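> Quick one: structure below, then a few questions.
The values are calculated or read from the model by the stated rules, or taken from the named source; none is laboratory data. The model shown is predicted, which means the values in this text are computed figures rather than measured ones. Virtual Cβ from ideal backbone geometry, glycine too; neighbours counted across all protein chains shown. Only protein heavy atoms, including side chains, enter the accessible area calculation; ligands, DNA and RNA are left aside. Shrake-Rupley method; radii C 1.70, N 1.55, O 1.52, S 1.80 Å.
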Amino acid sequence: MLIDFQTIDWTKIQKTEHCGTTGTCFWQTLQLNGLRIRLVTYSAQYLADHWCQKGHIVHCLEGSFISQSEQGEETLLTKNMTYIVSDDRSSHRSYSENGAQLLIIDGDFLKSE
(Lines give C-alpha, C1' and ligand atoms only; values in the text may rest on other atoms or scores of the structure.)
Protein backbone atom coordinates (compact mmCIF):
# COMPACT_ATOMS: atom_id res chain seq x y z
CA MET A 1 0.00 0.00 0.00
CA LEU A 2 1.29 3.43 -0.93
CA ILE A 3 -0.01 6.59 0.71
CA ASP A 4 0.63 9.98 -0.84
CA PHE A 5 1.56 12.84 1.49
CA GLN A 6 -1.51 14.28 3.15
CA THR A 7 -2.57 16.03 6.30
CA ILE A 8 -5.53 15.24 8.51
CA ASP A 9 -7.59 18.14 9.84
CA TRP A 10 -9.50 16.37 12.62
CA THR A 11 -11.78 19.40 13.05
CA LYS A 12 -13.30 18.58 9.65
CA ILE A 13 -13.92 14.88 10.30
CA GLN A 14 -17.39 14.04 11.59
CA LYS A 15 -17.73 12.43 15.03
CA THR A 16 -19.73 9.25 15.43
CA GLU A 17 -21.08 8.21 18.82
CA HIS A 18 -20.61 4.68 20.18
CA CYS A 19 -22.26 3.69 23.44
CA GLY A 20 -20.35 1.48 25.81
CA THR A 21 -21.64 -0.77 28.55
CA THR A 22 -21.26 2.45 30.51
CA GLY A 23 -20.32 5.84 29.11
CA THR A 24 -19.82 6.85 25.52
CA CYS A 25 -17.01 7.21 23.06
CA PHE A 26 -16.74 9.35 19.95
CA TRP A 27 -14.79 8.32 16.85
CA GLN A 28 -13.42 10.49 14.09
CA THR A 29 -12.32 8.08 11.38
CA LEU A 30 -10.13 8.30 8.31
CA GLN A 31 -10.47 5.11 6.25
CA LEU A 32 -7.84 4.36 3.63
CA ASN A 33 -7.32 1.16 1.64
CA GLY A 34 -6.36 -1.40 4.32
CA LEU A 35 -5.71 1.27 6.97
CA ARG A 36 -7.99 2.95 9.51
CA ILE A 37 -6.89 5.95 11.59
CA ARG A 38 -9.17 7.16 14.39
CA LEU A 39 -9.16 9.94 16.93
CA VAL A 40 -11.24 8.46 19.77
CA THR A 41 -12.54 10.22 22.88
CA TYR A 42 -13.78 8.24 25.89
CA SER A 43 -16.19 9.83 28.34
CA ALA A 44 -15.75 9.39 32.08
CA GLN A 45 -16.83 5.90 33.19
CA TYR A 46 -16.55 4.51 29.64
CA LEU A 47 -16.44 0.72 29.44
CA ALA A 48 -16.37 -0.92 26.01
CA ASP A 49 -19.41 -3.05 25.25
CA HIS A 50 -17.44 -5.96 23.76
CA TRP A 51 -14.17 -7.89 23.87
CA CYS A 52 -12.04 -7.07 20.84
CA GLN A 53 -9.60 -9.39 19.09
CA LYS A 54 -8.57 -6.86 16.44
CA GLY A 55 -5.02 -5.59 16.33
CA HIS A 56 -4.34 -1.92 17.07
CA ILE A 57 -1.70 0.66 17.73
CA VAL A 58 -3.24 2.78 20.50
CA HIS A 59 -1.58 5.99 21.69
CA CYS A 60 -3.01 7.93 24.65
CA LEU A 61 -3.04 11.64 23.86
CA GLU A 62 -4.86 12.84 26.99
CA GLY A 63 -6.22 11.32 30.17
CA SER A 64 -5.84 7.65 30.96
CA PHE A 65 -7.52 4.31 30.40
CA ILE A 66 -7.15 0.68 31.37
CA SER A 67 -6.80 -2.02 28.76
CA GLN A 68 -8.43 -5.10 30.26
CA SER A 69 -7.74 -8.61 28.96
CA GLU A 70 -10.42 -11.26 29.02
CA GLN A 71 -8.05 -13.31 31.24
CA GLY A 72 -8.26 -10.59 33.92
CA GLU A 73 -5.01 -8.65 33.36
CA GLU A 74 -5.24 -4.86 33.45
CA THR A 75 -2.75 -2.41 31.95
CA LEU A 76 -2.96 1.31 32.77
CA LEU A 77 -2.05 3.64 29.93
CA THR A 78 -1.60 7.34 30.59
CA LYS A 79 -0.78 10.33 28.41
CA ASN A 80 2.10 9.60 25.99
CA MET A 81 1.89 5.80 26.41
CA THR A 82 1.18 3.39 23.54
CA TYR A 83 0.25 -0.25 23.17
CA ILE A 84 0.44 -2.41 20.08
CA VAL A 85 -1.03 -5.84 19.36
CA SER A 86 -1.69 -7.88 16.21
CA ASP A 87 -5.05 -9.36 15.25
CA ASP A 88 -6.09 -12.41 17.29
CA ARG A 89 -3.23 -12.01 19.84
CA SER A 90 -5.37 -10.55 22.64
CA SER A 91 -8.98 -10.33 23.72
CA HIS A 92 -9.19 -6.84 25.20
CA ARG A 93 -11.50 -3.95 26.03
CA SER A 94 -11.03 -0.44 27.39
CA TYR A 95 -12.21 1.29 30.55
CA SER A 96 -11.65 4.95 31.44
CA GLU A 97 -12.58 6.33 34.82
CA ASN A 98 -12.10 10.01 33.96
CA GLY A 99 -12.03 10.00 30.15
CA ALA A 100 -9.27 9.85 27.58
CA GLN A 101 -8.36 10.87 24.05
CA LEU A 102 -6.62 8.27 21.89
CA LEU A 103 -5.10 7.95 18.45
CA ILE A 104 -5.84 4.44 17.16
CA ILE A 105 -4.35 2.93 14.02
CA ASP A 106 -5.31 -0.47 12.68
CA GLY A 107 -5.44 -2.27 9.40
CA ASP A 108 -4.21 -5.09 7.23
CA PHE A 109 -0.61 -4.74 8.44
CA LEU A 110 -1.69 -6.15 11.84
CA LYS A 111 -3.36 -9.30 10.49
CA SER A 112 -2.18 -12.64 11.83
CA GLU A 113 -0.43 -14.69 9.18
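> Straight-line reach from residue 12: which lysines have Cα under 19 Å away, leaving out those fewer than 8 places along the same chain?
Partners found: none.
> Follow-up. Just add up the charged neighbours of residue 93: K/R +1, D/E -1, any other residue whose Cβ is under 13 Å from the Cβ of residue 93.
-3
> Lysines within cross-link reach of residue 111: Cα-Cα under 21 Å, excluding same-chain residues under 8 positions apart?
Cα-Cα hits under 21 Å: 54.
> Moving on. Can you give the convex hull volume of the alpha carbon atoms of the stretch 37-113 per residue, in Å³?
79
> Something else: So if we plug the beta-carbon distance of residue 80 and residue 10 into 1/(1 + (r/R0)^6) with R0 = 22 Å, what FRET efficiency do we get, rounded to 0.05?
Approximately 0.75, to the nearest 0.05.
> On full extension of the chain, what length is gained from residue 97 through residue 57, given 0.36 nm per residue of separation minus the C-alpha to C-alpha distance?
12.3 nm
> On to the next question. Roughly how many percent of the accessible protein surface of the stretch 62-113 is carbon and sulfur, given a 1.4 Å probe and a whole-percent answer?
43
> Just to confirm, what accessible area per residue do you get for the stretch 62-113 at 1.4 Å probe, in whole Å²?
Spelled out: the 1.4 Å probe surface of the stretch 62-113, per residue, equals 61 Å².
> List the GluC sites (Glu not before Pro) within the stretch 10-103 that DSSP assigns to loop and that have no more than 11 neighbouring Cβ atoms inside 10 Å.
Those satisfying the criteria are 73.
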